[in-house]
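The values are calculated or read from the model by the stated rules, or taken from the named source; none is laboratory data. Every value quoted in this text rests on a predicted model; they were computed, and no experiment measured them. So basically every Cβ, Gly included, is an ideal-geometry build from the backbone, and we count neighbours across all protein chains shown.
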């Protein structure tokens, strides 16, 4: 199982965690919502897999390209 | 009957075809790479290559003046065709001294580029060169002031389509030949493009950095944008350049070719009517909208990973080649970032130079804000993009799908244009909202005291915002003819396919280079 880090596509604030560590998710499922420019920008699963860790929590500020979750 | 020995011409041509020799070519193939000649053969229409300067190189001679051996130049150059349309191709041969300019015979590649310019045909560069070598000094016995007097590097950017593929590490002049193009592509995990490689960086700055970190595809196509697209392998790179050229005219003096389309120009995709979520905080998938509107399978994206809050496609409407821009709210909320502004400027110039009518599907929240954006000088990049739009004479239409706010929101198309007669032809979907100031932040600022004094400040603020949202209905703007029409999203394709038929009628009167090249 390869481990992959998901990164934030945008600078903003973590709005909501849509899944919790341990969850098995389909490709395209939303892991986190980042609030930026008054929009809810999703961080989606690039492929089906298991969410192993969230590297940020709701309310955290994140910058573009920052790792926000780990999947395998 | 005895056979005549091979003529001198045959011997020299055979040496040219052998390139770096059997061993060097075998080693090259073992790395999974194509030789310069194989790349050309894969790229062009069969049997269309007319090579020039095949026997340029270095001969070595016996004391009596007879030829002992011949080493060809490591630049393979000539005229060829794709889709039966002519072009010039100039390819570095890495199997000979690493493609170094030391043995390329500079006159040859420059001649190839000048010929493309003079004969008004696209230029295709296959760059695979280690760059210059200090040993060149030993050959010439002197140093030279950098530069190439006869190279029309800038002028041709306004005259002919210039494309490039980075096949390996491209340094210095090699890098310039890659980036000085309307469309560039680099092969993933194989090509790097930089001003100077790791050894020079180590010496100059003391930094240890890998080739891939310094000029790999992630940096070039996602961070700096110096190269447009990445290719999975060499054949993919060759195919992408063919595809790019299929939308463009042979030169600025000609029109882009129209293809026969089997897609009904009046096709209505009802999915479009629900493409924009009612909740204004929810983004949508930009590509799906572009696909619904354009001829099926006609989208070719340029710079997909750079400045991706703006998507730029070459596309077709009823077979006519167009440029299509659409804001992507999934990336930076769709804001006009520094990168997106640079991308917009280059794309508008490309379309204007080569007579590709422009369609802009707008969901623009504004110029990117915040410390990083201000430090990057985003406003200057936005102003330059705005200038590119205003200087464009190519026919232009915009459709506002959702937001159009602030300075970036005003940049939907030329307001007056260079001749002072541009229409700023624009339509909107019923989901559109616009203004100089977004309502949420605007209400909080203008009614600060009143909101603070209210018994329930939050409820009062929401009430005020709702009131202003009703005022901001696009239909009120349409009453005053502030927009040509509000249309059902599913009608967009039919509208644009009719528009493009009118637009292309203007193009013959706009042929030739436009008044600017690179801004």
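Just to be sure, is residue B:161 out of contact with any strand residue (DSSP E or B) (no Cβ under 6 Å at 6 or more places or on another chain), buried (at least 21 other Cβ atoms within 10 Å of the Cβ), farther than 24 Å from residue B:15 by Cβ and at pLDDT 95 or above?
Yes.
Pick out, from chain A, the strands (runs of 3 or more DSSP E) lying fully within it that include 1 or more residues that are free of Cβ contacts under 8 Å to residues at least 24 places away in the same chain and within 14 Å of another protein chain (Cβ to nearest Cβ).
A:30-36, A:39-44
Just a yes or no: is a residue in the stretch B:363-385 part of a loop (DSSP other than H, G, I, E, B) and more than 25 Å from residue A:61 (Cα to Cα)?
no
Go through the stretch B:372-400 and report how many residues are within 14 Å of another protein chain (Cβ to nearest Cβ), under 21 Å from residue B:436 (Cα atoms) and either out of contact with any helix residue (DSSP H, G or I) (no Cβ under 6 Å at 6 or more places or on another chain) or exposed (fewer than 15 other Cβ atoms within 10 Å of the Cβ) (or both).
Qualifying residue count, the stretch B:372-400: 2.
Quick one: residue B:70 ticks every box in (1) closer than 22 Å to residue B:165 by Cα; (2) in contact with a strand residue (DSSP E or B) (Cβ under 7 Å, 6 or more places away or on another chain) except a single one, so which number is it?
It fails just one condition, (1).
Could you check residue B:81 against (1) buried (at least 19 other Cβ atoms within 10 Å of the Cβ); (2) out of contact with any helix residue (DSSP H, G or I) (no Cβ under 6 Å at 6 or more places or on another chain); (3) modelled with pLDDT of 95 or more and say which number it fails?
(1)
Of the numbered conditions (1) within 25 Å of residue B:275 (Cα to Cα); (2) touching a helix residue (DSSP H, G or I) at 6+ places or on another chain (Cβ under 8 Å); (3) surrounded by 18 or more Cβ atoms within 10 Å (Cβ to Cβ), residue B:430 fails exactly one; give the number of that condition.
For residue B:430, the failing item is (3).
Just one of the numbered conditions (1) part of a loop (DSSP other than H, G, I, E, B); (2) under 15 Å from the mean Cα position of the chain (by Cα); (3) more than 14 Å from chain A (Cβ to nearest Cβ) is not true of residue B:307; which one?
Residue B:307 satisfies every listed condition except (3).
Taking helices (runs of 4 or more DSSP H) that fall entirely within the stretch B:116-232, which contain at least 3 residues that are free of Cβ contacts under 8 Å to residues at least 12 places away in the same chain?
Ranges flagged: B:135-140, B:198-205.
Would the stretch B:438-455 turn up any residue that is in contact with a strand residue (DSSP E or B) (Cβ under 8 Å, 6 or more places away or on another chain), surrounded by 14 or more Cβ atoms within 10 Å (Cβ to Cβ) and touching a residue at least 60 places away in the same chain (Cβ under 8 Å)?
yes
For the stretch B:420-454, give me each residue that is more than 14 Å from chain A (Cβ to nearest Cβ) and within 15 Å of residue A:38 (Cα to Cα).
Result: B:434, single match.
Return the total of residues in the stretch B:207-253 being out of contact with any strand residue (DSSP E or B) (no Cβ under 6 Å at 6 or more places or on another chain) and more than 26 Å from residue B:160 (Cα to Cα).
12
If I filter the stretch B:288-295 for residues that are within 14 Å of residue B:411 (Cβ to Cβ) and part of a helix (DSSP H, G or I), do I get at least one hit?
Scanning the stretch B:288-295 turns up no residue that is within 14 Å of residue B:411 (Cβ to Cβ) and part of a helix (DSSP H, G or I).
Can you find a residue that is buried (at least 23 other Cβ atoms within 10 Å of the Cβ) and within 21 Å of residue B:34 (Cβ to Cβ) anywhere in the stretch B:192-206?
yes
If only one of B:258, B:266 is farther than 21 Å from residue B:120 by Cβ and assigned to a loop (DSSP other than H, G, I, E, B), which one is it?
Unique residue meeting the criteria: B:266.
Table: residues versus (1) over 20 Å from residue A:64 (Cβ atoms); (2) more than 14 Å from chain A (Cβ to nearest Cβ); (3) surrounded by fewer than 22 Cβ atoms within 10 Å (Cβ to Cβ); (4) within 16 Å of the chain's Cα centre (by Cα).
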position: B:292; (1), (2), (3), (4): yes, yes, yes, no
position: B:314; (1), (2), (3), (4): yes, yes, no, yes
position: B:317; (1), (2), (3), (4): yes, yes, no, no
position: B:320; (1), (2), (3), (4): yes, yes, no, no
position: B:324; (1), (2), (3), (4): yes, yes, no, yes
position: B:331; (1), (2), (3), (4): no, no, no, no
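Take the residues in the stretch B:349-371 that are away from chain A (no Cβ under 14 Å) and closer than 21 Å to residue B:329 by Cβ, then tell me which one is nearest to the chain's Cα centre (by Cα).
Of everything passing the filter in the stretch B:349-371, B:358 is nearest to the chain's Cα centre (by Cα).
Tell me whether the stretch B:455-471 contains one or more residues that are in a loop (DSSP other than H, G, I, E, B) and within 25 Å of residue B:369 (Cβ to Cβ).
No, the stretch B:455-471 contains no residue that is in a loop (DSSP other than H, G, I, E, B) and within 25 Å of residue B:369 (Cβ to Cβ).
Return yes when residue B:249 is in contact (Cβ under 8 Å) with a residue 60 or more places away in the chain, more than 30 Å from residue B:429 (Cβ to Cβ), surrounded by 14 or more Cβ atoms within 10 Å (Cβ to Cβ) and touching a helix residue (DSSP H, G or I) at 6+ places or on another chain (Cβ under 8 Å) and no when it is not.
No: the conditions fail for residue B:249.
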